[in-house]
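The values are calculated or read from the model by the stated rules, or taken from the named source; none is laboratory data. Remember, it's a predicted structure, so these values are computed and weren't measured experimentally. Cβ placement follows ideal geometry from the backbone for every residue including glycine, while neighbour counts extend to all protein chains displayed. To get the accessible areas, we keep the full protein, side chains included, count just its heavy atoms, and leave off ligands, DNA and RNA. Shrake-Rupley method; radii C 1.70, N 1.55, O 1.52, S 1.80 Å.
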Amino acid sequence: MYSNAQSLNTVTLGGVNLTLSPPDKSEPEWIGQEEILKQILACWLVVGEKDLPLAPRIVGMPGIGKTTLGMVAARSRKQPLYIFQCTSDTRPEDLLITPVLSEQGKISYHASPLVTAMITGGICILDEGNRMNEKSWASLAPLLDHRRYVESIIAGIQIPAHAEFRCCVTMNQDESTFEIPDYILSRLQPTLSLGMPAERDELAILQYHLPFASQDLIEMTVQFLQTAHKLDLDYSPRDGIHILQYAIKRLGQDPAHPLSKDDAWREAIECVLGEEALDLQGLAERKRRALGNERLPMGLGDFFFGEGDPLHPDMDR
Ligand SMILES: Nc1ncnc2c1ncn2[C@@H]1O[C@H](COP(=O)(O)OP(=O)(O)OP(=O)(O)O)[C@@H](O)[C@H]1O
Ligand SMILES: [Mg+2]
């Protein structure tokens, strides 16, 4: 399919020399939640001649482990891993092939991490896919169905995907994102939803990332995060890692005048998450009200008496 590589990181396709992107070399570990890892690996299986791999959508709150999960799944298949970071100004050429002016004034073509994975039989994570606009997504429509190719307008070539090529997309459930059109969403299936880790797993995650942290600080942080999860507040394992990192740095800063562990930990909560996080119950209540779960509809009494006023006619409701 591709003519002989001139060097390890270039290939020629349709008469065009392409410089390939370097693979990601990190080796993250996944702790707990085995089922969702199995689900991704199932999506990437090909069970018969006419079968095609699926491109799952991994969704969940920020900092919950979506990218890590995709990376670990890719690593376990022992294929080269490429990560494409999607942003709101990603253009189709960034996603596929970018022209670069070389020193001799000639144009050379650089294959994106996605196209490199397609050529080398690697795995590509399209990270934070909901940040990318519709025009860029449209260029991937043929890749994500039975056609399994992309067209680079810039290089004037069609690029078929290697049989071993696999991909997945991570998406955040927050509002700072584009609406992805339905014809693309229908190609990014199934949707695998990553939830907050259980207490035992969250403890193991923090211990793994912060082996130098004292057990009591880790346990305080896990208790805090577990309470937040139960109250439906969006604090993640990543927040836990940052809280502990900061608290430990503050404790180690001035051994002659050490802060107490409690003070350092509270300061870390405040600096990482904001003062409001020191009162999780109050924060959850305010969030619940903001979402419109307060007593509705407004009655005449609401105009004359404040909420919680003992004289309010609804107080005995
Ligand atoms: N189950 C887990 N095992 C190991 N590490 C985890 C796990 N869950 C979360 N982490 C750690 O939490 C941090 C955040 O994870 P990651 O960056 O994958 O989250 P994300 O969901 O992709 O976040 P974002 O939405 O901001 O991109 C990383 O340091 C990651 O290693
Ligand atoms: Mg991520």
Revision key, fill the gap. Once all protein chains are kept in place, Asp51 shows an accessible area at probe 1.4 Å, nearest 10 Å², of 50 Å²
Check your understanding: So what is the relative contact order of the chain, in percent, for Cα pairs below 8 Å that sit 6 or more residues apart?
Key -> 17 percent
Exercise for review: Report the equivalent ellipsoid semi-axes for the range 199-290 in whole Å, largest first, defined as the square roots of five times the eigenvalues of the gyration tensor built from alpha carbon atoms.
Suggested key: 24, 16, 9
Check your understanding: If you bin every alpha carbon distance in the chain into 10 Å steps from zero, what whole percent lands in each bin?
Key -> 5, 21, 24, 20, 16, 9, 3, 1, 0
Exercise for review: Grab the DSSP H runs of the chain that are 4 residues or longer, score each as -39,500 (n - 2.57), total them, divide by all residues and round the 222 nm result to the nearest 500 deg cm²/dmol.
Suggested key: -10500 deg cm²/dmol
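For the range 100-239, what is the convex hull volume of the alpha-carbon atoms per residue, in Å³? Provide the component values of the computation, followed by the final result.
Details: hull volume 25.8 nm³, N = 140.
Hull volume normalised by residue count: 184 Å³.
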Review point. For the range 129-244, what is the relative contact order in percent, using Cα pairs closer than 8 Å and at least 6 residues apart in sequence?
Key: 22 percent
Check your understanding: By per-residue mean of other Cβ atoms within 10 Å, what is the highest-first order of 197-206, 104-113, 40-49?
Key -> 197-206, 104-113, 40-49
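Could you tell me what percent of the DSSP beta bridges with both partners in the chain are antiparallel, to the nearest 5? List each step's numbers first, then the result.
Details: 16 of 34 bridges.
Around 45 percent of the beta bridges assigned by DSSP in the chain are antiparallel ones.
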Exercise for review: Could you look at the chain and say what percent of its accessible area is carbon and sulfur, using a 1.4 Å probe and all protein chains?
Suggested key: 54 percent
Point to revise | Per residue accessible area of the chain, 1.4 Å probe, in Å² | key: 54 Å²
Practice item. Return the sequence-ordered ³J(HN,Hα) values of the range 70-75 in whole Hz as given by the Karplus equation 6.51 cos²θ - 1.76 cosθ + 1.60 applied to θ = phi - 60°, using x for Gly and Pro. Key: x, 5, 5, 4, 5, 4
